Amino acid sequence: MHSTQKIALSEKLNIIHVDMDAFYASVEEHDNPKLKGLPVIVGGTSNHGIVTTANYNARKYGVHSAMPIFMAKQRCPNGCFLPVRMERYKEVSKQVFNILYEFTDLVEPLSIDEAFLDITDVEDNPIKIAEEIKRKVMKNTGLTLSIGISYNKFLAKLASDWNKPNGLKVITENMIPDILLPLPVKSVYGIGPKSAKKLNNIGIYTIEDLMRLSEEFLIEFFGKAGSEIYNRIRGIDYRKVNTTRERKSLGTETTFSDYTKDKDVLKSYLHDFSLELESALENRSIQGKTITLKIKDVNFKTRTKSKTLNNYISSFDDIFEVAVNLLQEIEIEHDIRLIGLTVSNLESLKLEQLSLFDY
Ligand code: TTP
Ligand code: MG
């Protein structure tokens, strides 16, 4: 599928939408391989609960999110009904988001298993990026996800939903009519089930029907959102990817006025850098796992040495200790004109905000 989707270089396919497949159920299947191949329904064993999600096998029986458990049991009596293990899903979610942040800082989390990425500044081909995300997520978590690529949020999200599970779909501008026109009105972001019903009542079922309506009519019908909907069904969506984290690394460096190869002098710079980095990390509520020392000698030869730790650090003591060890390991032949220290592989403590999306 991927190779046949040739994309013209001129087209800016800069938005990616990712969404984990049957997320809670897939985590359960992965953690307990005995569940493989069986219909798995997460939401508890009590008849009073509701289904959070069902794996694709259980969906064949008509089980879906938000359905009462008793009904799911009627439809799928042989299903494996499991309790919700939120802490575990959050942990996996964090692993996934950390992978996304390796590609760009421009990540907008939408829920525990879903995000937009703006890849405008990432050099690789968008399909390569998507394949790499899939590969890394599989490697680190054992799970699959679906990815949509396009030039705005609406279309990227539509694309990720296109061939779930484990999908990868690109929507380019020339595909717009074929893809959009037959869709039911409810697939337009901004048209909820109530509005969809109202539209159906006046004989509007598909985007093609919706296209016949004037912008004025849509504004009257939807209020302020009418204009956006008018544009959206024509493939226009100006919404930006709203990031929760600004950067991928934090670093600081200095060029000396007096070149030196005295390690004690260099160490005193690392001391100050470590202090600076500690407060920069604290201000941004982030911590890092990788420390990189950079030196440039009088011949402009640059060398870097990095250490990636098993756990995240943010304190002066920890950063300084790693920095000094790196300095000991690096061989210095000539005088140094520049020294720098960077923390990367950052994790936002703000990712805890994902709990906002708990259901
Ligand atoms: P979704 O991404 O909507 O669903 P999904 O990942 O289970 O399945 P797919 O994307 O392949 O269609 O939601 C992500 C998780 O959020 C889901 O695994 C469970 C939870 N959730 C609820 O708890 N209640 C709900 O009503 C929905 C829709 C999801
Ligand atoms: Mg999902």
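The values are calculated or read from the model by the stated rules, or taken from the named source; none is laboratory data. All values reported here derive from a predicted model rather than from experimental measurement. Cβ coordinates were reconstructed from backbone atoms using ideal geometry, including for glycine residues, and neighbour counts include every protein chain displayed. Each accessible area value is taken on the protein alone, full model and side chains, heavy atoms only, with ligands, DNA and RNA left out. Shrake-Rupley method; radii C 1.70, N 1.55, O 1.52, S 1.80 Å.
Taking the criterion of being part of a helix (DSSP H, G or I) and in contact with a helix residue (DSSP H, G or I) (Cβ under 9 Å, 6 or more places away or on another chain), the residues of the stretch 153-172 that qualify are Phe154, Leu155, Leu158, Ala159. With respect to the conditions (1) open to solvent by 10 Å² or more (accessible area, probe 1.4 Å); (2) in the same structural domain as Thr53 (by TED's automatic domain parsing), Ile129 lacks only one, and its number is (1).
Being small (Gly, Ala, Ser) and under 17 Å from Met20 (Cβ atoms) is a condition met by at least one residue of the stretch 75-98. Any idea which of (1) assigned to a loop (DSSP other than H, G, I, E, B); (2) within 14 Å of ligand 1 (Cβ to nearest atom); (3) within 14 Å of the chain's Cα centre (by Cα) is the one Asp105 doesn't satisfy? Just one mismatch for Asp105, condition (2).
Of all residues in the stretch 253-296, those that are acidic (Asp, Glu) and surrounded by 17 or more Cβ atoms within 10 Å (Cβ to Cβ) total 1.
Go through the stretch 173-206 residue by residue and tally those that are assigned to a helix (DSSP H, G or I), farther than 22 Å from Tyr238 by Cβ and not charged (D, E, K, R). Qualifying residue count, the stretch 173-206: 5.
List the residue pairs whose Cβ atoms are under 9 Å apart, where the first residue sits in the stretch 11-32 and is among the basic types (Lys, Arg), the second is away from ligand 2 (no atom under 14 Å from the Cβ), and the two are 6 or more positions apart or on different chains. Within 9 Å, the pairs are Lys12/Thr120; Lys12/Tyr151. Checking Thr120, Thr104 one by one, the residue that is open to solvent by 70 Å² or more (accessible area, probe 1.4 Å), of a type in the set (S, T, N, Q) and more than 25 Å from Asn32 (Cα to Cα) is Thr120 and no other.
Could you tell me whether Val170 is more than 13 Å from ligand 1 (Cβ to nearest atom) and modelled with pLDDT under 95? No.
For the stretch 96-117, a tally of residues being more than 16 Å from ligand 2 (Cβ to nearest atom) and out of contact with any Phe, Trp or Tyr (no Cβ under 9 Å at 6 or more places or on another chain) returns 6.
Considering only residues of the stretch 1-16 that are modelled with pLDDT of 50 or more and of a type in the set (Val, Ile, Thr), which is farthest from the chain's Cα centre (by Cα)? Filtering first and then ranking leaves Ile15. When the stretch 126-168 is filtered for residues that are under 22 Å from Glu208 (Cα atoms), without any contact (Cβ under 8 Å) to a residue 40 or more places away in the chain and more than 14 Å from ligand 2 (Cβ to nearest atom), only Leu158 remains. Look at Ser93 and say whether it is within 15 Å of ligand 1 (Cβ to nearest atom) and either assigned to a helix (DSSP H, G or I) or over 30 Å from Ile286 (Cα atoms) (or both). Taking the combined requirement at face value, the residue satisfies it.
A count restricted to the stretch 17-63 and to residues that are within 16 Å of ligand 2 (Cβ to nearest atom) and under 24 Å from the mean Cα position of the chain (by Cα) stands at 20. When restricted to residues that are open to solvent by less than 40 Å² (accessible area, probe 1.4 Å) and either charged (D, E, K, R) or away from ligand 2 (no atom under 16 Å from the Cβ) (or both), the stretch 81-95 contains 2.
Screening the stretch 317-327 for residues that are without any contact (Cβ under 8 Å) to a residue 60 or more places away in the chain and touching a Lys or Arg at 6+ places or on another chain (Cβ under 8 Å) and picking the one that is surrounded by the most Cβ atoms within 10 Å (Cβ to Cβ) gives Val322. Summed over the stretch 188-236, residues that are of a type in the set (Ser, Thr, Tyr) and open to solvent by less than 40 Å² (accessible area, probe 1.4 Å) total 3.
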